[in-house]
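This report concerns only the one structure given below.
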Amino acid sequence: METMPPRSTRMPIDQDWTSVWPTASTFKASVVPLPLRMGWDCKKGSTPPAKYANAELMKIPNFLHLTPVHIKKHCVAIKKFCTPWPKGLETEAALEKHFPIDISSSDFCYSSPSIREPLSRVVTLKVKVSSLQLDYHAKDKLLRLVDDRYNPKTDILTLVTDRCPTRKQNYDYAHYLLTAIYHESWKTEPWEHEKVESDMEQYFWDMSTSKRNIVNLLRSVDGKTPHQMGDELPDDADEYTSQPEVQEYAQAVSSLHNDGEDLHSVNSYKEAVKKSIGVIETIVIITSISINYVYRELVLLGTVIIIRSTFIITSYQTDLHY
């Protein structure tokens, strides 16, 4: 009986490959019309073994069932089960807003007695901290808890879980960690209420002596008695601290303390001081005050001031040089 030639030699050029290799299957040399070689021959100068009876080709996974034509047919077949893309999620920004958590994992194909790859159980969770809607206290506590898992340049918190034996367990564990960290960051311990200005992790102008001094200065310029109630501010403090020039001064001082000294922060601080002094001068021109007290309060603000101003006191002019 005559043996039939291999199918690969009888295939036409326009053969429908999806009919030849419809699903995942072990490599068959008689079906694949490609001159494949794989392996190693011990003889010096010899080429790798051909595809016929090649165990190396048979024991590894192949993707002959996932050609572009296969995938196109698969998409057509499952299209009837798909739903329209949700409206309002056309951009990346919209996706990040409504789905801030990003989950990633890896699948592996390799030759091994076990189908489980240890690294396939690893799950990585990424989320932008700004999307968690934390206040200052909660954000500061969360960043202290996660340590180096937070990237300040991208504002992304990354949690990698690999303790559990399966991917599903690590997926649930990653969400548990995020939930636990979030709720823990909102807790305020009783001892945190005992913190004073020197215990703070950064400079807060609202808690500083600079704010109290400038409020007392503006009150004295306005002809009011300086407030002497320790750390408490007078009832009319908001009237002075809400002024745009004072707000700009507060931001400049905070930036200088928290971000460090550089050309931009120093220049911003200088301009803010000049503007705040302009506010004081405008009030002084129409008010009778003690010049010595104004000078003392300006020194208490921690500001080096060199100005030449004209003050109108009662009915005569005085040139004041500092």
Report task. Calculate the spin-label point distance for ALA55 paired with ASP148, positioning each point 7 Å from the Cα along the beta-carbon direction, and give it in nanometres. Result -> 4.6
Query raised in the report: Can you give the Rg to Rh ratio of the stretch 12-86, both from alpha-carbon atoms, with Rh computed by the Kirkwood formula?
Result: 1.16
Query raised in the report: Once Rh is set to the Kirkwood radius over Cα pairs, what Stokes-Einstein translational diffusion coefficient, in µm²/s, holds for the stretch 141-192 at a temperature of 25 °C and a viscosity of 0.890 mPa s?
Result: 198
**Report entry** Linear extension gain, ARG37 paired with SER25, 0.36 nm per residue minus alpha-carbon span
**Finding:** 2.5 nm
**Report entry** 4 °C / 1.567 mPa s Stokes-Einstein diffusion coefficient of the stretch 101-228, Kirkwood radius on C-alpha pairs, µm²/s
**Finding:** 69
**Report entry** For a label point 7 Å along the Cα-to-beta-carbon line of THR166, residues of the stretch 99-137 with backbone N under 13 Å
**Finding:** 121
Requested in this report: Mind ranking 84-92, 70-78 by how tightly packed they are, going by the mean number of other C-beta atoms within 10 angstrom, highest first?
Outcome: 70-78, 84-92
Query raised in the report: How large is the dipole of the stretch 1-108 about the Cα centre if only Lys and Arg carry +1 and Asp and Glu carry -1, each at its Cβ, rounded to the nearest 20 debye?
Result: 380
Query raised in the report: For the stretch 1-119, with the dipole built from +1 on Lys and Arg beta-carbon atoms and -1 on Asp and Glu ones, taken about the Cα centre, which of PRO100, THR9, CYS75 lies farthest toward the positive end?
Result: THR9
Query raised in the report: Shape call for the stretch 1-136 from the C-alpha gyration tensor, a ≥ b ≥ c root eigenvalues: rounded (a/c under 1.5), prolate (a/b greater than b/c) or oblate?
Result: oblate
Query raised in the report: What is the dipole size for the stretch 34-92, taken about its Cα centre, with +1 at each Lys and Arg Cβ and -1 at each Asp and Glu Cβ, in debye to the nearest 20?
Result: 240
Report task. Calculate, in nm to one decimal, what LYS87 and TRP186 gain on full extension: separation in residues at 0.36 nm each, minus their alpha carbon distance. Result -> 32.2 nm
Requested in this report: Write down the accessible area per residue of the stretch 45-190 in Å², having rolled a 1.4 Å probe over the full set of protein chains.
Outcome: 74
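The values are calculated or read from the model by the stated rules, or taken from the named source; none is laboratory data. Worth saying up front: this structure is predicted, and the values here are computed from it rather than measured. Quick reminder, even Gly has a Cβ in these numbers, built from the backbone with ideal geometry, and neighbours come from all protein chains shown. Heavy atoms of the whole protein, side chains included, go into the accessibility calculation; ligands, DNA and RNA do not. Shrake-Rupley method; radii C 1.70, N 1.55, O 1.52, S 1.80 Å.
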